[in-house]
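The values are calculated or read from the model by the stated rules, or taken from the named source; none is laboratory data. Remember, it's a predicted structure, so these values are computed and weren't measured experimentally. All Cβ positions, even for glycine, are placed from backbone atoms using ideal geometry, and neighbour counts span all protein chains on display.
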Amino acid sequence: MENGRPPDPADWAVTDVVNYFRTAGFEEQANAFQEQEIDGKSLLLMTRNDVLTGLQLKLGPALKIYEYHVKPLQTKHLKNNSS
(Lines give C-alpha, C1' and ligand atoms only; values in the text may rest on other atoms or scores of the structure.)
Protein backbone atom coordinates (compact mmCIF):
# COMPACT_ATOMS: atom_id res chain seq x y z
CA MET A 1 0.00 0.00 0.00
CA GLU A 2 1.20 3.50 -0.88
CA ASN A 3 -0.63 6.45 0.68
CA GLY A 4 -3.47 4.11 1.62
CA ARG A 5 -3.96 2.98 -1.99
CA PRO A 6 -2.67 -0.07 -3.83
CA PRO A 7 0.50 1.01 -5.67
CA ASP A 8 -0.65 -0.12 -9.12
CA PRO A 9 -3.51 2.05 -10.42
CA ALA A 10 -4.88 -1.01 -12.26
CA ASP A 11 -5.80 -2.39 -8.82
CA TRP A 12 -7.65 0.74 -7.68
CA ALA A 13 -11.36 0.54 -6.93
CA VAL A 14 -13.66 3.44 -7.83
CA THR A 15 -13.20 4.86 -4.31
CA ASP A 16 -9.40 4.81 -4.75
CA VAL A 17 -9.71 6.80 -7.99
CA VAL A 18 -12.08 9.28 -6.35
CA ASN A 19 -9.79 9.68 -3.33
CA TYR A 20 -6.76 10.14 -5.60
CA PHE A 21 -8.38 13.08 -7.37
CA ARG A 22 -9.74 14.56 -4.13
CA THR A 23 -6.24 14.40 -2.63
CA ALA A 24 -4.85 16.02 -5.78
CA GLY A 25 -7.18 19.00 -5.23
CA PHE A 26 -9.98 18.10 -7.63
CA GLU A 27 -12.74 17.66 -5.05
CA GLU A 28 -15.58 18.70 -7.35
CA GLN A 29 -14.26 16.80 -10.38
CA ALA A 30 -13.70 13.62 -8.35
CA ASN A 31 -17.46 13.20 -8.18
CA ALA A 32 -17.57 12.73 -11.97
CA PHE A 33 -15.29 9.70 -11.63
CA GLN A 34 -17.64 8.34 -8.95
CA GLU A 35 -20.74 8.94 -11.09
CA GLN A 36 -19.15 7.28 -14.12
CA GLU A 37 -17.83 4.38 -11.98
CA ILE A 38 -14.24 4.85 -13.17
CA ASP A 39 -11.99 2.33 -11.44
CA GLY A 40 -8.25 1.98 -11.92
CA LYS A 41 -8.47 -0.22 -15.01
CA SER A 42 -10.90 2.21 -16.63
CA LEU A 43 -8.72 5.16 -15.66
CA LEU A 44 -5.73 3.59 -17.40
CA LEU A 45 -7.78 3.14 -20.58
CA MET A 46 -9.07 6.71 -20.72
CA THR A 47 -8.09 8.88 -23.67
CA ARG A 48 -7.66 12.62 -23.62
CA ASN A 49 -11.04 12.93 -25.32
CA ASP A 50 -12.70 10.76 -22.66
CA VAL A 51 -11.48 13.09 -19.92
CA LEU A 52 -12.25 16.30 -21.82
CA THR A 53 -15.75 15.37 -23.00
CA GLY A 54 -16.89 12.10 -21.42
CA LEU A 55 -16.82 13.29 -17.83
CA GLN A 56 -18.53 16.63 -18.57
CA LEU A 57 -15.93 18.59 -16.64
CA LYS A 58 -14.92 22.20 -17.17
CA LEU A 59 -12.14 22.38 -19.74
CA GLY A 60 -9.42 23.82 -17.47
CA PRO A 61 -9.63 21.18 -14.73
CA ALA A 62 -10.16 18.42 -17.32
CA LEU A 63 -6.93 19.35 -19.12
CA LYS A 64 -4.98 19.38 -15.85
CA ILE A 65 -6.47 16.06 -14.77
CA TYR A 66 -5.48 14.41 -18.03
CA GLU A 67 -2.03 15.96 -18.52
CA TYR A 68 -0.81 15.89 -14.91
CA HIS A 69 -2.56 12.82 -13.55
CA VAL A 70 -4.12 10.38 -16.02
CA LYS A 71 -1.32 10.48 -18.61
CA PRO A 72 1.52 10.09 -16.05
CA LEU A 73 -0.33 7.23 -14.33
CA GLN A 74 -0.73 5.49 -17.68
CA THR A 75 2.94 6.01 -18.57
CA LYS A 76 4.13 4.75 -15.18
CA HIS A 77 1.84 1.72 -15.39
CA LEU A 78 3.14 0.82 -18.87
CA LYS A 79 6.75 1.15 -17.74
CA ASN A 80 6.18 -0.98 -14.65
CA ASN A 81 4.48 -3.72 -16.64
CA SER A 82 6.74 -3.85 -19.67
CA SER A 83 9.79 -5.21 -17.88
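Mind telling me which of the residues L73, L44 ends up being at pLDDT 95 or above, in contact with a His (Cβ under 7 Å, 6 or more places away or on another chain) and not aromatic (F, W, Y)?
Checking each option against the conditions leaves just L44.
Among the residues of segment 32-55, is any touching a strand residue (DSSP E or B) at 6+ places or on another chain (Cβ under 8 Å) and free of Cβ contacts under 8 Å to residues at least 40 places away in the same chain? Steps first, please.
Residues of segment 32-55 touching a strand residue (DSSP E or B) at 6+ places or on another chain (Cβ under 8 Å): none.
Taking every residue of segment 32-55 in turn, none turns out to be touching a strand residue (DSSP E or B) at 6+ places or on another chain (Cβ under 8 Å) and free of Cβ contacts under 8 Å to residues at least 40 places away in the same chain.
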Fill in: Failed item in (1) surrounded by fewer than 19 Cβ atoms within 10 Å (Cβ to Cβ); (2) under 11 Å from the mean Cα position of the chain (by Cα); (3) touching a residue at least 40 places away in the same chain (Cβ under 8 Å), with H77 passing the rest
(2)
Discussion item. For segment 21-50: of the residues being in a helix (DSSP H, G or I) and among the polar types (S, T, N, Q), which is surrounded by the fewest Cβ atoms within 10 Å (Cβ to Cβ)?
Written reply: N49
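State all residues of segment 56-73 that are part of a helix (DSSP H, G or I) and either in contact (Cβ under 8 Å) with a residue 60 or more places away in the chain or more than 13 Å from the chain's Cα centre (by Cα) (or both); if no residue qualifies, say none.
Residues of segment 56-73 that are part of a helix (DSSP H, G or I), as a first pass: 59-73.
Residues satisfying the conditions are L59, G60, L73.
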